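The structure appears below as structure tokens.
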Amino acid sequence: MRLPLILAAFAALSACAPPAQVSMDQPQSGVGFGTLGTAPVATAPLGLASLARNFMDLTFAMESGYALSTFTRFEGPITVAMIGDVPPTAARDLGDLLTRLQTEAGIDIRPVSGAGRITIEFTSRAELRRLAPTAACFVVPNVSSLAQYRQLHGTAAVDWAQVTERKSAAIFIPADTSPQEVRDCLHEELAQAIGPLNDLYLLADSIFNDDNFHSVLTGTDMDILRLTYSPDLHNGMSRAEVAAHLGVSPNIAAAALPDWERAIETALGKTGSLSARQAAAERALSMAQNAGWQDSRTAFSYFALGRLLAGTDPERAFDAFKAASSIYAHLPEGELQVAHVDMQLAAMALASGLSDQAIMLADRAMPVVKRYENYALLATLMLIKAEALEQLGDATAAAALRLDSQPYASYGFGPDSVIQDRMRDIASVANRATTG
């Protein structure tokens, strides 16, 4: 049975970026706005006090945990240029993103064909891995090309912690990847190029979160970015000055627990034995429970544990996924996370021959996933449902659903060879041999 393979193929990975750059981790897998008839999801608005506290935590620290002493942003109009081996879908997706930043966050930002204050360079994944082995894509200050970054790599010039005003930045994205990963990188890296450099596991309805559930900017993210470009803020303001303007404490608001974050990163990392990663997930869950958290961090601890136990202890994995789903379902911003859990449970149901259950879970998750524009996950759910229909003897409906999934799979996974690999993985979960 290939259950561990399929769960691993679509899992969310998290890691900590080094101070010199901000990065999107190696991909999980999410079509641009307007491509397949969807619209941005409006997430539940945060209270002003919560928004301000989250803004402080995001703005005055980095993903590495390094504290920042001064507020920085771009001043004046922001221009964005693309160079290199630009994928065919990138211009459309960038245009849609910039329109959202203009209308939803009130930022003066636009594309240009020549030099821009922000340069987005596309090159091979292998080339990017030489500079950032664990990052799918990343953003660097004070450079305008990969060649320039190579020259300055490791110096203070490209260290975000040394930036006092954002004047230029470069985003590096692999060209040889799926359209969805390109789109996801555009959203995350551009948001961090112009806004906060930190991520918060506590912030469930945001792309500024290493759990990687959200792949496009949410309403909360737009609120954070709108606040970043408030006319009352300016470069060089201290934490205390920004806090006074927002009417909140200058202290870190979130109940930080670095040991928990390290345990989660170990659990979801790419190194270490399965048993070591399972033990790390157990530690993370124990710490979350001991801290009394009733939020997305505890739910994510259960989710991580479920993923890692799925191949060796499916009963405990099922219990962990159900616990995660229960917590997420009680959070006002948790519906997308519930859909991610439903995919995991649907795969387990499919592997167990519980076809009706797999179909129910897929049907429940698909509308949510489509609204949030994660088309790789949507295609996965459709293919799981198709296999369940095949198990029930309805080969005609299964074939029709696989055909319907193709536009989403092409955007989410990229080349036909990758799509066929995913189809074979899901077929093997259903214990059905396939030749593709």
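Readers should treat all values here as calculations from the given coordinates under stated rules, not as data from a laboratory. Values in this document were obtained by computation on a predicted structure and should not be read as measured data. Note that we place each Cβ from the backbone using ideal geometry, even for glycine, and neighbour counts take in every protein chain shown.
Points worth noting:
- Distribution of pairwise C-alpha distances over the range 339-436, 5 Å bins, in %: 3, 16, 26, 28, 19, 7, 0
- From the Kirkwood radius over Cα pairs of the range 14-246, Stokes-Einstein at 4 °C and 1.567 mPa s returns a whole-number translational diffusion coefficient of 74 µm²/s.
- Extension gain for the segment S145 to E75, taken as residue separation times 0.36 nm less the Cα-Cα distance, is 23.1 nm to one decimal.
- Available extension along the chain between H330 and S238 is 29.5 nm, counting 0.36 nm per residue and deducting the alpha carbon span.
- Lysine pair count for the chain with Cα-Cα distance under 28 Å and sequence separation of 8 or more or different chains is 4.
- Spin-label model, Q294 to Q357: label points 7 Å out along the Cα-to-beta-carbon direction sit 2.9 nm apart.
- Contact order, relative form, for the range 332-436: 25 percent (alpha carbon pairs under 8 Å, 6 or more residues apart, mean separation divided by residue count).
- The range 62-117-the range 249-312 distance, computed between alpha-carbon centres (Å): 32
- Modelled this way, with points 7 Å down the Cα-to-C-beta line, the labels at K167 and R226 are 3.2 nm from one another.
- Space enclosed by the convex hull of the alpha-carbon atoms of the chain, per residue, Å³: 128
- Residue-averaged 222 nm ellipticity for the chain, from DSSP H runs of 4+ at -39500 (n - 2.57), nearest 500: -16500 deg cm²/dmol
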